[in-house]
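**Q** Here's a structure for you.
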Amino acid sequence: MNEGRQRGTSGSPAARGTARSQARRAELIATGRTLFADTSYDALSMDDIARQAGVAKGLIYYYFTNKRGYYLAIIEDAVAGLVERAGATHDLPPAARVQRTVDGYLRYAQHHQAAYRALVTGGVGFDAEVMAIRDTVRARLLGTIALGAWGRTDLPPLARTALTGWLSGVEGVTLDWIAEQEVPRETVVTLLVRGLGDTFRLIEEFEPACPAPPRPPT
């Protein structure tokens with residue numbers, strides 16, 4: 001069979017169609033990030049979204065089924081960058097890895113405020129699907145922290161509980177920080193990193209198998 005006529009090969013109609021579809025979906029998600037950043041979920045109708053996006057409403061239904069599906073896709077797309085950033089520091093020393101991860105987390109929240117608030121607070125009311133996305137993100141972040149500190153991702157219950165408590169504090173601090181923007185990001189990073197160090201040392205007291213990493217140089 002002629003290579004250029006094979007289904008799905010690069011340059012074929014099927015491949016070009018898939019690329020166009022992915023690009024169009026990404027454009028709609030980018031538009032949605034802007035819309036939901038400025039307007040609440042309930043205040044936006046599908047007609048509003050289609051008009052702002054400059055497309056027929058049916059196209060949004062085609063890609064996302066309904067407004068809720070569109071909203072969840074926007075959140076999932078936004079947090080994907082956060083999870084990737086957290087996992088992209090494996091080649092750094094432990095102290096630098098933690099510093100980079102926390103700084104990247106804050107940068108993400110600063111640049112995706114609407115998605116971050118929805119993720120942390122549960123979205124529209126108490127949205128079980130948004131909370132499931134949040135739990136996935138939390139698990140990935142905790143796994144990254146544990147791998148950097150102890151070379152393992154299977155955490156004893158006490159270590160998991162303590163780190164979850166620290167991460168909950170990070171979420172509260174971050175929500176306040178993006179709302180007020182009164183404290184330099186570098187200072188907030190230092191605050192959170194030192195808090196993590198204290199958490200590590202507390203874990204070590206109860207779980208000797210999880211020793212605290214050395215303190216970073218001041």
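The values are calculated or read from the model by the stated rules, or taken from the named source; none is laboratory data. Since we're looking at a predicted model, the values are computed, not measured. Virtual Cβ from ideal backbone geometry, glycine too; neighbours counted across all protein chains shown.
**Q** Among residues belonging to region 191-210 that are more than 11 Å from Leu106 (Cβ to Cβ) and free of Cβ contacts under 8 Å to residues at least 24 places away in the same chain, point out the one that is surrounded by the most Cβ atoms within 10 Å (Cβ to Cβ).
**A** Applying the filter and picking the extreme gives Gly197.
**Q** Whether any residue in region 146-166 is at pLDDT below 90, of a type in the set (Val, Ile, Thr), assigned to a helix (DSSP H, G or I) and not assigned by TED's automatic domain parsing to the domain that holds Ser40 is what I want to check.
**A** The answer is no, given that none of the residues of region 146-166 is at pLDDT below 90, of a type in the set (Val, Ile, Thr), assigned to a helix (DSSP H, G or I) and not assigned by TED's automatic domain parsing to the domain that holds Ser40.
**Q** What residue, among those in region 136-177 that are charged (D, E, K, R) and free of Cβ contacts under 8 Å to residues at least 12 places away in the same chain, is surrounded by the fewest Cβ atoms within 10 Å (Cβ to Cβ)?
**A** Within region 136-177, the first condition is being charged (D, E, K, R), and the residues that meet it are 138, 140, 152, 154, 160, 171, 176.
Still in the running and free of Cβ contacts under 8 Å to residues at least 12 places away in the same chain: 152, 154, 176.
Details: Arg152: 13, Asp154: 9, Asp176: 13.
Looking at residues that are charged (D, E, K, R) and free of Cβ contacts under 8 Å to residues at least 12 places away in the same chain, I get Asp154.
**Q** Same structure again: So, in region 62-93, of the ones that are outside any helix (DSSP H, G or I) and modelled with pLDDT under 75, which residue ends up farthest from the chain's Cα centre (by Cα)? Walk me through it before giving the result.
**A** First, the residues of region 62-93 that are outside any helix (DSSP H, G or I): 65-66, 90-93.
Pick out the ones that are also modelled with pLDDT under 75 and you get 90-93.
Numbers: His90: 18, Asp91: 21, Leu92: 21, Pro93: 23 Å.
Among residues in region 62-93 that are outside any helix (DSSP H, G or I) and modelled with pLDDT under 75, the one farthest from the chain's Cα centre (by Cα) is Pro93.
**Q** What pairs come up if the first residue lies in region 37-54 and is part of a helix (DSSP H, G or I), the second is surrounded by fewer than 14 Cβ atoms within 10 Å (Cβ to Cβ) and of a type outside the set (Phe, Trp, Tyr), and their beta carbons are under 7 Å apart, counting only those six or more places apart or on different chains?
**A** Listed pairs, sorted by first residue: Ala50/Ala56.
**Q** Right, something else. Could you list, in sequence order, the residues of region 173-185 that are assigned to a helix (DSSP H, G or I), in contact with a helix residue (DSSP H, G or I) (Cβ under 7 Å, 6 or more places away or on another chain) and not hydroxyl-bearing (Ser, Thr, Tyr)? Explain how you work it out, then say what you get.
**A** First pass over region 173-185, keeping only residues assigned to a helix (DSSP H, G or I): 173-180, 185.
Okay, now just the ones that are also in contact with a helix residue (DSSP H, G or I) (Cβ under 7 Å, 6 or more places away or on another chain), so 173-175, 177-178, 185.
Answer for region 173-185, where residues must be assigned to a helix (DSSP H, G or I), in contact with a helix residue (DSSP H, G or I) (Cβ under 7 Å, 6 or more places away or on another chain) and not hydroxyl-bearing (Ser, Thr, Tyr): Val173, Leu175, Trp177, Ile178, Arg185.
**Q** Go through region 100-135 and give me each residue that's over 24 Å from Val189 (Cβ atoms) and either outside any helix (DSSP H, G or I) or of a type in the set (Ser, Thr, Tyr) (or both).
**A** Gly122, Gly123, Val124, Gly125, Phe126, Asp127
**Q** For Val188, are the conditions met, namely being assigned to a helix (DSSP H, G or I), in contact (Cβ under 8 Å) with a residue 40 or more places away in the chain and within 29 Å of Glu76 (Cβ to Cβ)?
**A** On the way: assigned to a helix (DSSP H, G or I): yes; in contact (Cβ under 8 Å) with a residue 40 or more places away in the chain: yes; within 29 Å of Glu76 (Cβ to Cβ): yes.
Taking the combined requirement at face value, the residue satisfies it.
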